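Enquirer: Please find one structure pasted underneath; my questions will follow.
The values are calculated or read from the model by the stated rules, or taken from the named source; none is laboratory data. Quick caveat, the model's predicted, so the values are computed rather than measured. Cβ placement follows ideal geometry from the backbone for every residue including glycine, while neighbour counts extend to all protein chains displayed. We work out accessible area using only protein heavy atoms, side chains counted, and drop any ligands, DNA or RNA first. Shrake-Rupley method; radii C 1.70, N 1.55, O 1.52, S 1.80 Å.
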Amino acid sequence: MRDVFEPLTRDERRGFRERYLAELRGRDGEADVKARKLALREELFREIQATPIRLSGPPVVDQAVFSRNERLRDPEPGLDERTLWALAVAKTNRSERFGVEYAMARKGDRAFPPDDPRTYINLEEVYHTRILRDVVETIGLEMHMQPPHRITRWAIQIMARLPHAISYMLIFDGELAGVAMFRLLCGKARELFADQPEPLRRIESLFQQILTDEIGHVRYAHSTLGRVRLAIARLMLRPLVRSLISDVPEFERLFGRARVMEEIWRADLSPLPRLLAATP
Ligand SMILES: [Fe+2]
Ligand SMILES: [Fe+2]
């Protein structure tokens, strides 16, 4: 398997941006920047809303316990795996969402340059919180939007002001960690809800949406980095993952910190191989 910190070859880099943009347009449809909407995503959500799927039987997670813990940085002791899982799902995209919303507030429509993959990437992030809300709804919970921790907010605000040459190393690491975290959550759902195949299928398909997006984000950030900056990104990965996980301590309780790092090193970014294919 190819090391994710290996730079693209010259051939692979040629035309990458156009190929990725074409892929995004095909997958997401027309981008309506004013309304912050993607045409095909809207269609998908209409479909999901029209066919709600919920776990059957008594609630597997207590709404009051979930809502109380959603507001805490460290979850209460003694929570079961399903509650920890639901909390991790609710918290995982907080920093990405905050980062995108902060950039939008700062730059306005400049956060959505025309004919640029970043427009789609930012709009996809807007949908991720909505997707995760649908995931927790599938197990019968209502999720509330909470901001990330104060220190994380501060770090994101600084990052947004850094030149791209620096911030993209951190963005690459962050997106890589995101892929690993969503994969772990999807795998855990298979364990926890194996007895309810239909809701599990819905949960898997929602995670699949996010994962395909996030793998694209990793690839895009990667394509902007050469050998030196990728080597620096490799050095920064461990401390960055540590800080991301300290923001979602449920991960440590569910999987242990080492497992998240392991998942990142195993990152197989092959689902979008076309993007790497050299321009004919
Ligand atoms: Fe995301
Ligand atoms: Fe992302």
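Enquirer: Quick one: would you say ARG14 is touching a residue at least 12 places away in the same chain (Cβ under 8 Å), closer than 20 Å to ARG219 by Cβ, open to solvent by 70 Å² or more (accessible area, probe 1.4 Å) and under 20 Å from the mean Cα position of the chain (by Cα)?
Expert: no
Enquirer: What tally of residues in segment 221-263 results from selecting those that are within 15 Å of ligand 1 (Cβ to nearest atom) and over 14 Å from the mean Cα position of the chain (by Cα)?
Expert: Final tally of qualifying residues: 1.
Enquirer: Related question: Taking the residues in segment 107-135 that are touching a helix residue (DSSP H, G or I) at 6+ places or on another chain (Cβ under 6 Å) and within 19 Å of GLN157 (Cα to Cα) as candidates, determine which candidate is nearest to ligand 1 (Cβ to nearest atom).
Expert: GLU125
Enquirer: Now a separate question. Select from segment 35-70 the residues that are within 17 Å of ASP115 (Cα to Cα) and touching a residue at least 60 places away in the same chain (Cβ under 8 Å) and list them in ascending order.
Expert: Hits for segment 35-70 are ARG36, LYS37, LEU38.
Enquirer: Please indicate, with yes or no, whether at least one residue in segment 153-172 is within 12 Å of ligand 1 (Cβ to nearest atom), in contact (Cβ under 8 Å) with a residue 24 or more places away in the chain and touching a His at 6+ places or on another chain (Cβ under 9 Å).
Expert: The answer is yes; a qualifying residue exists.
Enquirer: Quick one: which residue in ARG190, ARG130, ARG183 is in contact with a Phe, Trp or Tyr (Cβ under 9 Å, 6 or more places away or on another chain), of a type in the set (Lys, Arg) and surrounded by fewer than 19 Cβ atoms within 10 Å (Cβ to Cβ)?
Expert: So the residue among ARG190, ARG130, ARG183 that is in contact with a Phe, Trp or Tyr (Cβ under 9 Å, 6 or more places away or on another chain), of a type in the set (Lys, Arg) and surrounded by fewer than 19 Cβ atoms within 10 Å (Cβ to Cβ) is ARG130.
Enquirer: Would you mind listing the helices (runs of 4 or more DSSP H) fully within segment 208-280 where at least 1 residues are closer than 28 Å to GLY15 by Cα, open to solvent by less than 50 Å² (accessible area, probe 1.4 Å) and at pLDDT below 85?
Expert: Passing ranges, in order: 257-265.
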